[in-house]
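To start, the structure itself, in structure tokens.
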Amino acid sequence: MSAEIEAAGLVTVAPNQAPAAVPVDLGHPSRRMRARRAARLAVSASRHLGPLVARRVRRRPVAQRDLAPRLRHVFEDLGATFLKYGQLIASAPTLFGEDMAAEFRATLDTGPPMSLEEVRAAVAAELGRPPEEVFATFDAEPLGRASLAVVHRASTHEGRTAAVKVLRPGIEETIATDLALMERLFRVVARQLPDLGGPLTDLLQGLRLQLSEELDLRNEAAIMRYFRELPGRSDLPLVAVPEPYAELSGRRVLTMEFLDGFPVDDLARIAELDLDPRPVVEQVVKAWFMTGVRGGIFHGDVHAGNIMLLRDGRIALIDWGIVGRLDAETHQLFRKFIAGGLGDEAALDDVVEYFRDQYQPIAEKLGLPQDALLQMFRQQAKEIMTRPFGEVSLAELMLLPQQEVNRARRQAEAERLGLTDDEAARRLRTLRGRARRWRELRRLRREAAVEMPAIDHGMVLLGKQLAYFERYGKLYLADVPLLHDPVFFGALLAAPPLDPEAQR
């Protein structure tokens, strides 16, 4: 394999140690802050969710498609942590349902306005001078608004164009308060709607860690410096990562190189560039897989707004606030999944056994044909190598066992109630039906004497990114499979791992 490694350009420089993130201590919110946010939550929930509560009181069914837009409005009213959580819902349709996930996709790139005076005060507090002194120019209107920060365009006194990311004032206490409120709220939801309450609570723990890292922008600067070295080392020169400007940055302000381009899915504006996006999209996919396969670390938010086709013909990965870090078991599972797709039968056996261990007790109780299911999984995994992007979904494949469990539940429900399969599916999509399914699943788990593992936040982030890349693949690489370059991916598996001490 050494010739293949050299061909892929993976050994020109020894791998550096990935920086470990330093979380911010969120502390305990004040009683006054808790009361104020709780009151705001109560007002918003009453306004948006009140009609659904009245419907339930009258014993009328409430479908997920009825709840989804109203719940999204509550999250948007509260902003901050609620918007961040909404982004997780948007990326996890298998946990929350397609209707809920589709509705919450509107939260991916949004945030309330932040006045210029607040921005000026934040920059002055962090850098010691207001922006008009720190920078040669500083645009009054933001380039973007997110839940935690805003970004303004500026120019330095040395003539460099920059993007300046500024955390919102008081965001730490707001987030600490929101997390405390969410814990209480989700406990109530779990008692009433266990199908939603379980995933809500599990994901909240991962979100707490993610936010505690995002609130120190020095973490983002460090990971950007690390990733900037990877394109040259891996012979992917078309992939760009913004350069952070340390002298103009701190914990609450991050100044970085401004990269001019368009989101990767903005086909109309990309057409103006008169360039072929295919080779640059291919390189950004490879760059992302490189660190995921070798070190279990990856950009954790590759939605279209964070992948930019640049006017100079390169492609940029921006906004490094969210970084996925796989634990050792999940990292090995991911590597074996890739190896199995490349034809390694032993690796594929290990992946199949993993899913067998996860679902066997429940599958037995539901009467699922396990051998047929696992054979189907094995066959589809092999086909990833040869079937084009437009015909196969890696994310769906990884969820195949769970989908089969859902299908078996639906059939059992139809037989019990004398319904057609479609009627049972519609019934199970209601909140009451989902709660009933969750109670039944818990009963089966108890009877099988098995404790299903909690949701792995790293795996959720991993699946989210794979779904994004499949979308870009269908846009630009529809005639080739995900692992269409076996030399490159084989070299990733054979190359020395990135430093494991940095991984959690």
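A quick yes/no check of all residues on (1) in contact (Cβ under 8 Å) with a residue 60 or more places away in the chain; (2) touching a His at 6+ places or on another chain (Cβ under 6 Å); (3) part of a loop (DSSP other than H, G, I, E, B); (4) within 21 Å of residue 476 (Cα to Cα):
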site: 247; (1), (2), (3), (4): no, no, no, no
site: 250; (1), (2), (3), (4): yes, no, yes, no
site: 254; (1), (2), (3), (4): yes, no, no, no
site: 265; (1), (2), (3), (4): yes, no, yes, yes
site: 268; (1), (2), (3), (4): no, no, no, yes
site: 274; (1), (2), (3), (4): no, no, yes, yes
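So is residue 496 at pLDDT below 80 and either surrounded by 18 or more Cβ atoms within 10 Å (Cβ to Cβ) or not in a helix (DSSP H, G or I) (or both) or not? Before you say what the answer is, go through the steps one by one.
Numbers: at pLDDT below 80: yes; either surrounded by 18 or more Cβ atoms within 10 Å (Cβ to Cβ) or not in a helix (DSSP H, G or I) (or both): yes.
Against the criterion (at pLDDT below 80 and either surrounded by 18 or more Cβ atoms within 10 Å (Cβ to Cβ) or not in a helix (DSSP H, G or I) (or both)), residue 496 qualifies.
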message = Would you confirm, using the coordinates I've provided, whether residue 82 is assigned to a helix (DSSP H, G or I), of a type outside the set (A, V, I, L, M) and touching a residue at least 24 places away in the same chain (Cβ under 8 Å)?
response = yes
Do we find a residue being part of a helix (DSSP H, G or I) and at pLDDT 65 or above anywhere in segment 391-402? yes
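Would it be correct to say that residue 173 is surrounded by fewer than 22 Cβ atoms within 10 Å (Cβ to Cβ) and modelled with pLDDT of 85 or more? Outline the logic, then answer.
Working: surrounded by fewer than 22 Cβ atoms within 10 Å (Cβ to Cβ): yes; modelled with pLDDT of 85 or more: yes.
When the stated conditions are applied, residue 173 passes them.
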Among residues of segment 104-129 being modelled with pLDDT of 95 or more and of a type in the set (D, E, K, R), the residue surrounded by the most Cβ atoms within 10 Å (Cβ to Cβ) is 126
Of (1) part of a helix (DSSP H, G or I); (2) at pLDDT 85 or above, residue 25 fails just (1)
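For every residue, the table says whether it meets (1) within 24 Å of residue 246 (Cα to Cα); (2) within 28 Å of the chain's Cα centre (by Cα).
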position	(1), (2)
111	no, yes
115	no, no
128	yes, no
133	yes, no
149	yes, yes
152	yes, yes
173	no, yes
Requested in this report: Could you tell me whether any residue of segment 271-279 is under 26 Å from residue 165 (Cα atoms) and in the same structural domain as residue 470 (by TED's automatic domain parsing)?
Outcome: no
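The values are calculated or read from the model by the stated rules, or taken from the named source; none is laboratory data. It should be emphasised that the depicted structure is a prediction, and the values quoted were computed from it without experimental measurement. With ideal geometry, Cβ positions are generated from the backbone for all residues, glycine too; neighbour counts draw on all protein chains shown.
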